[in-house]
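The values are calculated or read from the model by the stated rules, or taken from the named source; none is laboratory data. Computed from a prediction, not measured in an experiment: that's the story for all the values here. Please note: Cβ atoms are built from the backbone with ideal geometry, for glycine as well, and neighbour counts cover all protein chains shown. When the accessible area is computed, the model is the full protein with side chains, heavy atoms only, and any ligands, DNA or RNA have been set aside. Shrake-Rupley method; radii C 1.70, N 1.55, O 1.52, S 1.80 Å.
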Amino acid sequence: MNVARRTQADRSAATRAALIAAGRRLFAEHGFAGVGTEAIVAEAEVTRGALYHHYADKTALFDDVFQAVERDAAQRLAESAVGDADDDARTIMKRSLDAWFDECDQPEVHRILLIDAPSVLGWARFRELCLHHILGLIETLLVLGMDDGTFTRQPVRPLAHVLIAAADEAALYIVSSDDKAAAKAEMRAVVGRLMDAL
């Protein structure tokens, strides 16, 4: 009995994983509005019934796709924060900002996270998920910087929200630019000065 249950759970998990993987590729390439459920089930090699067994609709699948892309991007940003043990919090934050700007070149980050998610999920859900994955990292760096004197002591949470907003707006500026390399250089300088002022 347990073996049968595990097998069913494994099949269910495999179906969800296939749907999320299909959604990631298709939403990144065509955008949410440009992808029908027929294309998703064909890409995932599952039935429409399987899609609707796991998800109420395409938006519910997009929510899971967004979370997977956001989680992976946040993980890569956390990895980028690791550097020389002597790096101060400002250096780590600037390195992470560079990594975020590079992330935005990825079609799934650009299209799914920056372009479609706010309108598809609604602003409140979009911010809830974004903050879940990245707010802690920024707050940790701010606290470290304030504790070692790199940053002036000030309220951490509102400052973290301001920095997230700046990084997201910078990313939107970069991805909409015709000359992304120049836009990245401009934003590194602008946001870098904000960090220097902390």
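Assorted remarks:
- Of the criteria (1) assigned to a helix (DSSP H, G or I); (2) hydrophobic (A, V, I, L, M, F, W, C); (3) out of contact with any Pro (no Cβ under 6 Å at 6 or more places or on another chain), which one PHE32 fails: (1)
- The stretch 118-133: number of residues that are in a helix (DSSP H, G or I) and more than 14 Å from ARG71 (Cα to Cα): 7
- Failed item in (1) assigned to a loop (DSSP other than H, G, I, E, B); (2) at pLDDT 90 or above; (3) open to solvent by 40 Å² or more (accessible area, probe 1.4 Å), with SER177 passing the rest: (3)
- Selection from the stretch 120-147 of residues that are in contact (Cβ under 8 Å) with a residue 60 or more places away in the chain, over 11 Å from the mean Cα position of the chain (by Cα) and open to solvent by 20 Å² or more (accessible area, probe 1.4 Å): VAL120, LEU121, ARG125, LEU137
- Sub-8 Å Cβ pairs linking a first residue in the stretch 23-44 that is open to solvent by less than 20 Å² (accessible area, probe 1.4 Å) to a second residue that is among the polar types (S, T, N, Q) and assigned to a helix (DSSP H, G or I), at least 6 apart or interchain, are ALA44/THR15, ordered by first then second residue.
- Being open to solvent by 60 Å² or more (accessible area, probe 1.4 Å), in a loop (DSSP other than H, G, I, E, B) and under 24 Å from ARG127 (Cα atoms) is not true of ASP86.
- On the stretch given as the stretch 35-51, residues that are within 20 Å of ILE115 (Cβ to Cβ), of a type in the set (A, V, I, L, M, F, W, C) and outside any helix (DSSP H, G or I) total 1.
- Taking the stretch 154-167 as the range and being open to solvent by 30 Å² or more (accessible area, probe 1.4 Å) and in a helix (DSSP H, G or I) as the test, the residues that pass are VAL156, ARG157, PRO158, HIS161, VAL162, ALA165.
- Complete set of residues in the stretch 54-83 that are of a type outside the set (Asp, Glu), in a helix (DSSP H, G or I) and free of Cβ contacts under 8 Å to residues at least 12 places away in the same chain: ALA60, GLN75
- Scan of the stretch 47-83 for residues that are farther than 27 Å from ASP168 by Cβ and open to solvent by 40 Å² or more (accessible area, probe 1.4 Å), ordered by number: THR47, ARG48, GLY49, TYR52, HIS53, ALA56
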